[in-house]
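> Have a look at this one.
What follows is calculated from the coordinates using simple rules that are stated; it is not laboratory data. These figures come from a predicted structure and were not determined experimentally. Methodologically, a virtual Cβ is constructed for each residue, glycine included, from the backbone with ideal geometry; neighbour enumeration extends over all protein chains shown.
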C-alpha cells in the first residue's frame, strides 16, 4: 500500500488527533487547526479540549 492510499483510508479525525499529539509532544501550544489557519474557537478553549474543538470543526458546515 502506498502512503497516498494509507492517507485516503485514514479517518480524518484520527489523523488530525495524531498530528495534534505530535505537536503536544514537542511542547507546542498550537492546535493542528491553528497550523491550518482554520481554528474555529478561541485558542484557550481549544487548548483545554482539542478533541472537542477538532470534532466541532469537522461537523461544521464548510465555507463556500
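> What distance in nm lies between label points placed 7 Å from Cα along the C-beta direction at residue 30 and residue 51?
A separation of 2.5 nm, rounded to one decimal place.
> What's the extension gain from residue 38 to residue 1 if we count 0.36 nm per residue and subtract their Cα-Cα distance?
Working it through step by step, the gained length comes to 10.3 nm.
> Roughly speaking, what is the stretch gain from residue 58 to residue 13, that is 0.36 nm per residue apart minus the C-alpha to C-alpha distance, in nm to one decimal?
Contour length minus the Cα-Cα distance gives 15.4 nm.
> Okay, next question. Mind ordering 8-17, 24-33 by average Cβ neighbours within 10 Å, highest first?
Sorting 8-17, 24-33 by mean packing, highest first, produces 24-33, 8-17.
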